[in-house]
Structures are given as C-alpha cells and as structure tokens.
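As structure tokens, the structure follows; a few thoughts come after it.
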Amino acid sequence: MDLTITMKGASEDFVREVLQSFAGAEGVEIATEPADTEWTQDRAYRLLRNSNIRVVLLLSQLVKGDGWLDAHAYREKWGDNALRGPSAALTKAITRGAKAGWWSPNIPSPLRPTTPDPSKGWSKTGGYYLDDEHLPAFRAAVERYGQENRGGFPDAE
C-alpha cells in the first residue's frame, strides 16, 4: 500500500515534524519529491482539448495579446458576460486533469486576473495575465489546437 501526503503551504519545520513522526516505523519508506508544476506544451494542449470553447477563446486571446487580455475590450467584443464563467471552467478543467493524473494537483493556474480598483468599490476584473513562464507552452498549444481544428477558434480578430 502506498500513502501519499500532500502538504500545501506548510512550513518546512512542520513538514519535517510530520515526516519525523513516520520515520523508523516498520515498513515505512519516506521519499520526498517536489511536485511537477510546469505547464508544458502537451499539458497546455490537453487543457485546451478538455475545456469548453469559452476557456479556449480566453486562452487563445491571452496568447494573441502576448500574455495580456484587456477585459474591457474583450467584453466589448464578446458581450458583457463574456468573462463570467471561463475562469471557473478553467479551474474545473485543471482539477479534472489533476484527478486524471495529467499534472500535479499543485499546478498553478496559468492566468492571473488583475485586481479591481479598490477606490471604486466592487468592480469587474480589468484584465488577465498569462505569466511569461507559461506563454511559450500555451502559444504552441494554441497553434496546435488551431491547426488540428482547422482554425477552430471563434472569429478572434
């Protein structure tokens, strides 16, 4: 029987304490390995293939914008509700992929929303960033997705 323990956000001291509590027990072998949390081209492509079209459109527009998506312009083109749902669907697709063993449950979301302006009270997200470290993998995945689907993106011009 294998037992895997994942400790998110735990301090190194706490991790050592937990591992020490198991050390020396009969039949216990402790192996620590860092979680593989890198977005590769294959992982990014698999994420696209297993997401809905709103997520695909959002990620393709982030790639087209070299890692930046202006939410105001996006809503203007695709409708006021265009950004309601894709980030939640993206999170669900990442979780499904982790459960399927395609990547670590600790893999980060490839995109980050900007924070709304606190002086305005509640406001909509101003935009999204696709981190520079993830951009090459997603650029290649979006290109592959487009080729395999004969440019199967909604009119994104």
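See the values below:
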item	result
Nearest 10 degrees, 0 to 90: helix 53-64 Cα axis against the chain principal axis	80
Percent accessible area from carbon and sulfur atoms, the chain, protein chains only, probe 1.4 Å	49
Between 0 and 90°, nearest 10: helix 12-22 axis offset from the chain longest Cα axis	50
Where TRP102, TRP39 fall by accessible area, highest first, once all protein chains stay in place (1.4 Å)	TRP102, TRP39
Helix-only mean residue ellipticity at 222 nm for the chain, each DSSP H run of n ≥ 4 adding -39500 (n - 2.57), per residue, nearest 500	-13000 deg cm²/dmol
Ranked order, HIS72, HIS134 - accessible area, probe 1.4 Å, largest first	HIS72, HIS134
Read-out semi-axes √(5λ) of the Cα gyration tensor in Å, derived from the coordinates shown; its label in [x] 36, 20, 12; [y] 41, 29, 19; [z] 60, 14, 14	[x]
Pairwise FRET efficiency - ARG75 versus LEU19, Cβ, R0 = 35 Å, nearest 0.05	0.10
Inter-site label distance for GLU29 and ASN106 at 7 Å from Cα along Cβ, in nm	2.1
LYS77 accessible area, assembled protein chains, probe 1.4 Å, Å²	100
Accessible solvent surface per residue of the range 59-101, calculated while the other protein chains remain in place, 1.4 angstrom probe, Å²	53
Estimated FRET transfer efficiency (LYS124, ASP36; beta-carbon r; R0 22 Å; 0.05)	0.05
Accessible heavy-atom area order of PHE14, PHE138, highest first, probe of 1.4 Å	PHE14, PHE138
Mean Cβ neighbour count within 10 Å, used as a protection proxy, ranking 87-95, 20-28 highest first	87-95, 20-28
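The values are calculated or read from the model by the stated rules, or taken from the named source; none is laboratory data. The structure displayed is predicted, hence computed values, not measured ones. Glycine also receives a Cβ, built like all others from the backbone with ideal geometry; neighbour counts cover every protein chain displayed. Just the protein is used for accessible areas: all its heavy atoms, side chains included, with ligands, DNA and RNA removed. Shrake-Rupley method; radii C 1.70, N 1.55, O 1.52, S 1.80 Å.
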